[in-house]
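J.: Below is one structure. I have some questions about it.
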Amino acid sequence: MYDVAVVGSGVIGMSIAKALDEYGLKIAVIDRDEPGKHASYKAGGMLGAQNEFNEDGALFRMALASRSRFEALSRTFLEEHDLDIEFRQGGLIKMAADEDDIPDLESQYQFLNSHDPRVQKLSEPALDNLTQGSVVYRNLSIHIPNDGQINAWKYTRALLTSVITKGIDRFCRTEVHQISKRFDSYMLKTSAGDIHADKVIVAGGAWSGKLLETYDISPMISGVKGEVLLVEHEGLNIDQTVFMTNGCYIVPKNKNRFLIGATSYFNDFSVGVSDVGTEWLKTQATATIPVLAESRLLKKWSGVRPYTVREQPIMDELNNGLFVITGHYRNGILLSPLIGDLVADWVIKNQRPELLRPFQVTRGGVGNGM
């Protein structure tokens, strides 16, 4: 019998398990594949606490608080496990992809600048100076200096190493078929046999709804497939992530490598990168940073991000001791350290943290946490 069973071992699930371990609980982490091999592992690693928001609210405040934890977290992983998650604070440039997007970006700038005067518009000469002439000024652009990034693959590996080091039980390649309440605990019917736990946390990303069909939340959770390219260009040196309002982004990584993403295909759980998607990413990236046309393609992959109504996460206790934590869409990596601590605190104290109150399941979907 476990104190807590966590279903899903992406960055959210592993962060929760890691935080719960500090309380001396017996924990199981169950995943249908290898830990950290889905959306978390394949993400761009952007810490876009300001890039993703255009109005105040609980989720915006959580994003800022969670982003502030990564510098210390990166040092901890390096000191304890000799793993560098490549935390970088190079800032982010957000640019309108076309003229129709200018009013929305202008509105976002006004909001962000009112909270942080360091967020500034970039003139064409200012953009040229900031990026050493690498980035073409296409439309209105703003500079968000405090939005950073990490290496998503190395972050998931660091979390997994931490979970293993703590001795948390892991069930890999184990499919959960059913979760049912048995008196004051839960039984999870899995492909590896029955697992019993006092409390269960479902953090299965886009697949979470299928595990909780009896609670009528399955229609609220879907998946958005995104395709990504990894390229190399030895002559390109740029520190800032470039994010276009059409969803294309270019994230500079170590060794002169650049992550180019991401397409968005709703309700698509397929695997693989399409020719159409590859061409769109290349076209958008080279229109913004022309020298990328001369880059060498190293790798391409796809992942499925958990999506919910109004792009609001679901973080709720559906039944006594049964929690669902999912739907973080493009912000799972960013929010994971804070959510891990908040959910662990919730489980231990049996009291919902005030910050998570807006993310309850309601009849109309998810509470408004903007």
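J.: In segment 48-100, which residues are outside any helix (DSSP H, G or I), of a type in the set (D, E), out of contact with any strand residue (DSSP E or B) (no Cβ under 8 Å at 6 or more places or on another chain) and in contact (Cβ under 8 Å) with a residue 24 or more places away in the chain? Before you say what the answer is, go through the steps one by one.
T.: Step one: list which residues in segment 48-100 are outside any helix (DSSP H, G or I), which gives 48-57, 68-69, 82-98.
Filter again for of a type in the set (D, E), leaving 52, 55-56, 82, 84, 86, 98.
Still in the list and also out of contact with any strand residue (DSSP E or B) (no Cβ under 8 Å at 6 or more places or on another chain): 52, 55-56, 82, 84, 98.
Those that are outside any helix (DSSP H, G or I), of a type in the set (D, E), out of contact with any strand residue (DSSP E or B) (no Cβ under 8 Å at 6 or more places or on another chain) and in contact (Cβ under 8 Å) with a residue 24 or more places away in the chain: E52, E55, D56, D84, D98.
J.: When you scan segment 212-221, do you find a residue that is assigned to a strand (DSSP E or B), under 22 Å from D316 (Cβ atoms) and in contact with a Phe, Trp or Tyr (Cβ under 9 Å, 6 or more places away or on another chain), even just one? Show your work before the answer.
T.: Of the residues in segment 212-221, the ones assigned to a strand (DSSP E or B) are 221.
The next check asks that each one be under 22 Å from D316 (Cβ atoms); those that pass are 221.
Right, trim to in contact with a Phe, Trp or Tyr (Cβ under 9 Å, 6 or more places away or on another chain) and you get 221.
Yes, some residue in segment 212-221 is assigned to a strand (DSSP E or B), under 22 Å from D316 (Cβ atoms) and in contact with a Phe, Trp or Tyr (Cβ under 9 Å, 6 or more places away or on another chain).
J.: Another question, if that's okay. Looking only at segment 222-259, which residues are under 30 Å from V309 (Cα atoms), in contact with a strand residue (DSSP E or B) (Cβ under 6 Å, 6 or more places away or on another chain) and hydrophobic (A, V, I, L, M, F, W, C)?
T.: Passing the criteria: V224, V228, L229, V242, F243, M244, I250, V251, L259.
J.: Tell me which strands (runs of 3 or more DSSP E) are completely within segment 148-191 and hold 2 or more residues being touching a helix residue (DSSP H, G or I) at 6+ places or on another chain (Cβ under 9 Å), or say none if there are none. Step through it out loud before you land on a result.
T.: Values: elements: 169-171, 176-182, 185-190.
Strands (runs of 3 or more DSSP E) meeting the threshold: 176-182.
J.: Another question, if that's okay. Which condition from (1) closer than 30 Å to E55 by Cβ; (2) surrounded by fewer than 18 Cβ atoms within 10 Å (Cβ to Cβ); (3) of a type outside the set (A, V, I, L, M) is the one that E317 breaks?
T.: (2)
J.: When only residues in segment 137-173 that are among the polar types (S, T, N, Q) and surrounded by fewer than 19 Cβ atoms within 10 Å (Cβ to Cβ) count, which is farthest from the chain's Cα centre (by Cα)? Walk me through it before giving the result.
T.: Of segment 137-173, the ones among the polar types (S, T, N, Q) are 139, 141, 146, 149, 151, 156, 161-162, 165.
Retained after the next criterion (residues that are surrounded by fewer than 19 Cβ atoms within 10 Å (Cβ to Cβ)): 139, 146, 161, 165.
Working: N139: 27, N146: 17, T161: 19, T165: 24 Å.
Out of the qualifying residues, it is N139.
J.: Could I ask something else about it? Name the residue, out of I339, I325, that is in contact (Cβ under 8 Å) with a residue 60 or more places away in the chain, closer than 30 Å to D184 by Cβ and not in a strand (DSSP E or B). So that I can check it myself, show each step before the final result.
T.: Numbers: I325 fails: not in a strand (DSSP E or B).
Among I339, I325, only I339 is in contact (Cβ under 8 Å) with a residue 60 or more places away in the chain, closer than 30 Å to D184 by Cβ and not in a strand (DSSP E or B).
J.: What is the residue count in segment 254-306 for residues that are of a type in the set (D, E, K, R) and either assigned to a helix (DSSP H, G or I) or within 25 Å of Q132 (Cα to Cα) (or both)?
T.: Restricting attention to segment 254-306, the residues satisfying the condition of being of a type in the set (D, E, K, R) are 255, 257, 268, 275, 279, 282, 294, 296, 299-300, 305.
Now drop any that are not either assigned to a helix (DSSP H, G or I) or within 25 Å of Q132 (Cα to Cα) (or both), which leaves 255, 257, 275, 279, 282, 294, 296.
Number satisfying all stated conditions: 7.
We did not get these values from a lab; they are worked out from the coordinates using the rules stated. Keep in mind that this is a model prediction, so the values were computed, not measured. Positions of Cβ are generated from backbone atoms using ideal geometry, with glycine treated the same way; all protein chains shown enter the neighbour counts.
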